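The values are calculated or read from the model by the stated rules, or taken from the named source; none is laboratory data. Keep in mind that this is a model prediction, so the values were computed, not measured. Cβ coordinates were reconstructed from backbone atoms using ideal geometry, including for glycine residues, and neighbour counts include every protein chain displayed.
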Amino acid sequence: MANFDTRYTLIGRALNLNDQDAWNELHSTYEKFIYFLLRKLSVPENDLDDLAQQALCYLVKNLEKYDQSKGKFRNWLSQIVRTSVLMYHRKNKSNSTKLAGYTISLESEDSSHSDLDVLIHAQWESYISKLALERVRNNFRGVAVEAFEMALNGEPKTAIIEKTGLSEGSVHTLRRRVKRSLMLEIKSIISDLEPS
Amino acid sequence: MADPSISHFDKALIDILHEVSNEDPDSIEDLNPRYRALRGTEERYTNFNRVGQGALKTVYQARDEMANRDIAYAVLNDELNFSYYDNFVYEAWLTASLSHPNIINIYDVGLDQDERPYFTMDLKSNYTYDRFIREVQSHKLIVDSFISICNAIIYAHDKSIIHLDLKPENIQCDVFGEVLICDWGLGRMLTDDTHIPCSDYNLEKKNSTLYGHIQGTPGYMSPEQILANDLYDERSDVFSLGAILYLAMEGRPAFPGDVETILVNTQESTLAPFSKCPASLQLIIKQALATNPDSRYQSVSELRQDLLRYASDHPVAAEKSNLLKTSQLYFKRNATTSAIILFSIIVISIIVLTLSSQLQSKKLEVNQLGDEISSVIHEYETFEAALIDSKQEMAQRLSDLATKKLYESLSLFEFQKSQDAVTPLDNSVILFEKALKLAPDNEHAYHHLVQAKMIQLDFEYIIAHLSHSENDVIKRYIQIAQQFPHYNFSAEHRPTGSQLVAFFNQLDCRTSTELQLAEAVLRYDHASRAQSKEDYTPVALACLTAINQYVDGFAITYNKEMHSIHLQTTNSSHLLSFFSPYRPPFLSFVDPHVQRLYVASSDTVYTSSLNHTRFEEIDLTQSASITCDADQISLPDTKTIRITKNAPQLEVIIRTLSQSNDALQIVIE
């Protein structure tokens, strides 16, 4: 895989060059994800801000210490979220807690296989790909992205042709182009947000 | 377990993410296929095909994989060792330093895996200039393309680079006459004498002892190259261009025959006889091919200039322009107009003569008479056309000389030699008048003449010879002149003091144009009265008052008995010469017998406003401050300067003033 120089990624600029703008952008992107995730976990609104700030703080502080050889960023990310939730609840005198039907405890060592981790994983990936899709949307005019989204929804080709008024060839070409653009965007966001 | 709430949409989207990030390490390059190809390039140059070989280098057509295009790739011939490396790199760098649309481009210079130098350049087609000459019928196209060649060489010469091997084979061409000068292998920097070139020809003929040192191609190389005296310069390229032009015009070389014949004929400038080349071009070619470089065009620009004149049907410099030739060309340029005029004259003449002949007698045949007259008329027309051309030329020469005189005069005003400035100014007036008589529409001459006449105060002339001008300065001058329509002064005939003051009162010296004019007029007036014994002081002071009429509180009084002047002002900038702090300022027009100057200024007094004055004593105690605007001023007769002790920067002032005269005493009060 291409070894993208970290100077050209958001996280690289933040960590290696201490670029304040890069830090700000990174911070807000992670923040959005954490809120998104905590809402998914049905954290009560009362606790949401405190918990999110705690997790974010921990994440940003430890970003530099993240070591790729010990596991994937996404696993590390879910570990951080899990730890933050627990720490928060420990303050509230409880060693484990249940959120949205998930049991969260420090004891679950094999983290990558717990349901919660699978969920966090999936949410992170979904978050990234949706972010990418939003960026891609600006690169195309007309119905290109719309046609692509219909295909993602599993709509049959005939329905797409009918709804967009495009020819079969155009649908095919546009989908391919949007997909290529999306893939580049995903790649770029991953390299921006996940230290390598 | 995946969250069952994740929709089909989200799942499909995440699948794409997985496609990007996990499975296929090459997937990202697939997204960038061109980048992938560039990354995968191992050998930059591939697919070599030999397209040409000289004695020094071989040229291949090759594929530049990184730039994704075909290029020409030049390497030294295999049998040549490192002693040729430097010349090879020299050629590459020399050529690379030239960036011109008509000169071949170097893309890359480097070393191959054997550490031998190579360079890459534009891929040439086989279409060279000799083929273009053979195939193209249009005379104009050939001349135009030759001018493009000249342009490229002018550019190179401008960078002090000479080619020394210009020949049709080294000029690539397309069917439209777009040329590309190639093969700078013999080229050199005129400023670099460390380079010893080696010639293809030299290498080919290395057994020939007779011409063993030749650098160039016989038939196109200059006589000085044959002598190998190393005294080459731009004019050597002029010679080669002459030989190329000969070939272009005649379709055969200027110096035919075997090598020895060619070399002998080159040195003697014996050209093969012309057969179809137009006469004017023959002269151009002959001048370019002169044996002695001093007799050639001294630069390619001159050669091009003459070609452009030829191309636009003007007489060329190479020929001694004669009346008949000039008029022929004049008719050629203005064919339609000339034909109409000529025809009308003939028709009118025929009618007049027919009538008169009827009245007189019928001894002569009408037609015969018409022919005779028309030929006379024709001669007259020819003569007149030539006259117009030479008139313009003469007018320009006169005007140029006049301008020179005018500026000479203005610059003489700068020094203490004002008197010497009178004659050049008067001369410039005479010359401008003559130039305008010949070419009344010469704007340059008109503007300068008005300027000179303003300085003389000869407004009568300006009004009598009014001509339209868009120039604002000239418009204003004319406006001023119209207020004194009877002023017709010259160096001998000067205005009275009051006439002069009346003129100055009309000036608004807040504008620099009018301040300049005021100063020049006063200088000219003062200088032309230099012989007079009269006291100029009242005139000078009245003029100075007029110049300062817009300055509040300006007053100047002259006490004849006391030999003193009292000056009071709130703005001392109009006491200065407009032009420079080193020019004598207005106060220098005061007669030397005036011994004392008192200056009371609320504004700072500039030291240069005292420069060259002749007062014995200058009293500045009533002036708030003094500014040293000139490093040193000249005060030859001054014995005492009085300054108030409150003046800022006293030390600087004392230092500057004391340099002006050893005997000077500076009194602080």
Looking across region B:542-578 at residues that are in a helix (DSSP H, G or I) and either at pLDDT 80 or above or out of contact with any Leu (no Cβ under 8 Å at 6 or more places or on another chain) (or both), the single one that is surrounded by the most Cβ atoms within 10 Å (Cβ to Cβ) is B:CYS543
Restricted to region A:114-129 and to residues being assigned to a helix (DSSP H, G or I) and more than 7 Å from chain B (Cβ to nearest Cβ), the residue surrounded by the most Cβ atoms within 10 Å (Cβ to Cβ) is A:ILE120
Note on region B:291-317: residues closer than 16 Å to B:ALA279 by Cβ and not hydroxyl-bearing (Ser, Thr, Tyr) are B:ASP306, B:LEU307, B:ARG309, B:ALA311, B:ASP313, B:HIS314, B:PRO315, B:VAL316, B:ALA317
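For (1) free of Cβ contacts under 8 Å to residues at least 60 places away in the same chain; (2) surrounded by fewer than 16 Cβ atoms within 10 Å (Cβ to Cβ); (3) part of a helix (DSSP H, G or I); (4) under 36 Å from the mean Cα position of the chain (by Cα), each residue gets a yes or a no:
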position	(1), (2), (3), (4)
B:SER469	yes, yes, no, yes
B:ILE474	yes, no, yes, yes
B:HIS486	yes, yes, no, no
B:GLU492	yes, yes, no, no
B:SER498	yes, yes, yes, no
B:ASP535	yes, yes, no, no
B:ALA540	yes, no, yes, no
For strands (runs of 3 or more DSSP E) lying entirely in region B:582-669, having 2 or more residues that are surrounded by 19 or more Cβ atoms within 10 Å (Cβ to Cβ) picks out B:596-601, B:617-619, B:640-643
Taking region B:275-322 and keeping residues of a type in the set (Lys, Arg), at pLDDT below 90 and within 23 Å of B:GLU393 (Cα to Cα) leaves B:ARG309, B:LYS320
Practice problem: Inspect all residues belonging to region B:626-641 and state whether any of them is in contact with a strand residue (DSSP E or B) (Cβ under 9 Å, 6 or more places away or on another chain), free of Cβ contacts under 8 Å to residues at least 24 places away in the same chain and in the same structural domain as B:LEU541 (by TED's automatic domain parsing). | Solution: yes
Per the filter on region B:60-108, residues in a helix (DSSP H, G or I) and within 26 Å of B:ASN151 (Cβ to Cβ) are B:TYR90, B:GLU91, B:ALA92, B:TRP93, B:LEU94, B:THR95, B:ALA96
* Please indicate, with yes or no, whether at least one residue in region A:171-190 is within 13 Å of chain B (Cβ to nearest Cβ) and touching an Asp or Glu at 6+ places or on another chain (Cβ under 8 Å). => yes
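Please work out if B:LEU517 is touching a strand residue (DSSP E or B) at 6+ places or on another chain (Cβ under 7 Å) and either assigned to a loop (DSSP other than H, G, I, E, B) or surrounded by 22 or more Cβ atoms within 10 Å (Cβ to Cβ) (or both).
Values: touching a strand residue (DSSP E or B) at 6+ places or on another chain (Cβ under 7 Å): no; either assigned to a loop (DSSP other than H, G, I, E, B) or surrounded by 22 or more Cβ atoms within 10 Å (Cβ to Cβ) (or both): yes.
It is false that B:LEU517 is touching a strand residue (DSSP E or B) at 6+ places or on another chain (Cβ under 7 Å) and either assigned to a loop (DSSP other than H, G, I, E, B) or surrounded by 22 or more Cβ atoms within 10 Å (Cβ to Cβ) (or both).
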